[in-house]
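Coordinate-derived values only; no laboratory data. Note that the coordinates shown come from a computational prediction; the quantities given were computed from them, not determined experimentally. Cβ atoms come from the backbone with ideal geometry, glycine included; neighbour counts cover every protein chain shown.
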Amino acid sequence: MEAANAKEIPLRHVETDVLIPKMMREKAKEICVEKVEAFNHCCKESGFFMVFKCREQNAALKECLTLHYKDPAFYELCKQEYIQEKLEFLRTGVPSKNRKQKLPVSM
């Protein structure tokens, strides 16, 4: 029943056009982590000349990220995850970032 509710829950404009795409960007960066790291490493090594020296790494990173940004299935996946987080917040009143925090090992 909850899965059916997740697909039917109305979303505001800000959720569909801002918050879900933000989630997509964060997840895409996790998926493209090797290319993100390669680009960051190149930038650190190149300093001021990074614009010229890191073109290849930048192009590979953009290609990887764009592949996910334009994927309707990836959008739907992120949308459903967002809706689940929203439903959980409505149920508990606890934001997802607070639920995901690890508890301290010792007190």
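Against the numbered list (1) surrounded by 11 or more Cβ atoms within 10 Å (Cβ to Cβ); (2) of a type outside the set (Ser, Thr, Tyr); (3) part of a helix (DSSP H, G or I), residue 51 comes up short only at (1). Look at residue 85 and say whether it is surrounded by 11 or more Cβ atoms within 10 Å (Cβ to Cβ) and closer than 14 Å to residue 36 by Cβ. So residue 85 fails the test. Out of 36, 18, 51, one residue alone is of a type in the set (A, V, I, L, M), without any contact (Cβ under 8 Å) to a residue 12 or more places away in the chain and farther than 22 Å from residue 97 by Cα. It is 51. Among the residues of segment 26-46, the ones that are exposed (fewer than 14 other Cβ atoms within 10 Å of the Cβ) and under 15 Å from the mean Cα position of the chain (by Cα) come to 3 in all.
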